[in-house]
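As structure tokens, the structure follows; a few thoughts come after it.
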Amino acid sequence: MGQNGHHLPKHVAIIMDGNGRWASSRGLARAEGHAEGARAVRDAVETATRIGIPYLTLYAFSVANWARPRGEVEALMRLLVEFAKSERAELRQNGIRVNVIGALEDLPTVTRHAVEDLMAYTKDGDRMVLTLALSYGGKKDIVEAARTLAVKARAGLVLPEEIDERSLQLHMTTHSLPDVDLLIRTGGETRVSDFLLFESAYAELLFLPIMWPDFRPETLVQAVDHSGKKERRFGLTPEQLAKKNLQAFDPFDQPS
Ligand code: FPP
């Protein structure tokens, strides 16, 4: 249970949009918006840990982001290195394990090594899993999992009729994560932009007008509180859901 007695989401994912506009509106370079965005990342991670969210996933760099001006891509890659170096001690101390989804191998060597070191250094964290989506694309992740399964099927290692949601997910880079409960996007756009398409099938979506650098600890607390008040029915009617919940907690329930 979270604050005010509501259920805490287990997995919160954030599309951190608006760094560029935040900077432009202040006459600053876009890279400065990203640097300020990295400060907001620290706050969000600290807050998520403090309020007890077990999984936080941040869209740090999409496959589409490679098309941005070279200087901006380089600034983002540098910021990741800085983040990995400056935050490692605190992340480990706070029991946070860093994980990556997407294609870490696409990143420049220096960035890749910094992130790999960070993952190794924090591997024993058991309070929260912080997943960074890097060179990530939701469609790409699904397609690559389907291709891996097809190759296995051709080799006779998998029966096509046995392929299901679970086996597909096990071949995605998100295989170790639970489904998303709450997906937040800052920056005012109401799109999911290829983020966790499969994993957000039943997620609550929350679009905030504020720019990512303006995201504060209270913003996350309020977002989580708001989502805890909503009933997610997974396609069931309210009556079916009530019955299912009752059954789930029935101490006299006999296995059938
Ligand atoms: C979108 O804003 C944001 C990104 C493409 C990068 C997000 C990166 C960070 C928040 C900082 C680095 C991350 C870590 C984990 C240290 P935008 O540039 O598209 O903003 P705009 O829509 O206003 O142009």
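The values are calculated or read from the model by the stated rules, or taken from the named source; none is laboratory data. What you are looking at is a predicted structure, and each value in this text was computed from that prediction instead of being measured. Counting neighbours? That spans all protein chains shown, and the Cβs are built from the backbone with ideal geometry, glycine included. Protein only, heavy atoms only, side chains kept; ligands, DNA and RNA dropped before computing areas. Shrake-Rupley method; radii C 1.70, N 1.55, O 1.52, S 1.80 Å.
Here is how the numbers come out for the structure above:
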| quantity | calculated |
| --- | --- |
| Residue selected from segment 89-116 under the condition under 23 Å from Asp43 (Cβ atoms) and either modelled with pLDDT under 95 or surrounded by fewer than 17 Cβ atoms within 10 Å (Cβ to Cβ) (or both), by the criterion nearest to the chain's Cα centre (by Cα) | Gly95 |
| Meets criteria (under 17 Å from Ile184 (Cβ atoms), surrounded by fewer than 23 Cβ atoms within 10 Å (Cβ to Cβ), within 11 Å of the ligand (Cβ to nearest atom) and not hydroxyl-bearing (Ser, Thr, Tyr)) for Arg30 | no |
| Unique match (being within 30 Å of Glu204 (Cβ to Cβ), of a type in the set (Val, Ile, Thr) and either free of Cβ contacts under 8 Å to residues at least 40 places away in the same chain or open to solvent by less than 40 Å² (accessible area, probe 1.4 Å) (or both)) among Val151, Val158, Val143 | Val143 |
| Sole exception among (1) more than 9 Å from the ligand (Cβ to nearest atom); (2) open to solvent by 60 Å² or more (accessible area, probe 1.4 Å); (3) farther than 28 Å from Glu204 by Cβ for Arg50, by number | (3) |
| Any hit, segment 185-204, residues being within 30 Å of Leu28 (Cα to Cα), assigned to a loop (DSSP other than H, G, I, E, B), free of Cβ contacts under 8 Å to residues at least 40 places away in the same chain and not basic (Lys, Arg) | yes |
| Failed criterion for Arg70 (all others in (1) more than 11 Å from the ligand (Cβ to nearest atom); (2) surrounded by 17 or more Cβ atoms within 10 Å (Cβ to Cβ); (3) basic (Lys, Arg) hold) | (2) |
| Which numbered condition Ser193 misses (of (1) among the small types (Gly, Ala, Ser); (2) within 16 Å of the ligand (Cβ to nearest atom); (3) over 15 Å from the mean Cα position of the chain (by Cα)) | (3) |
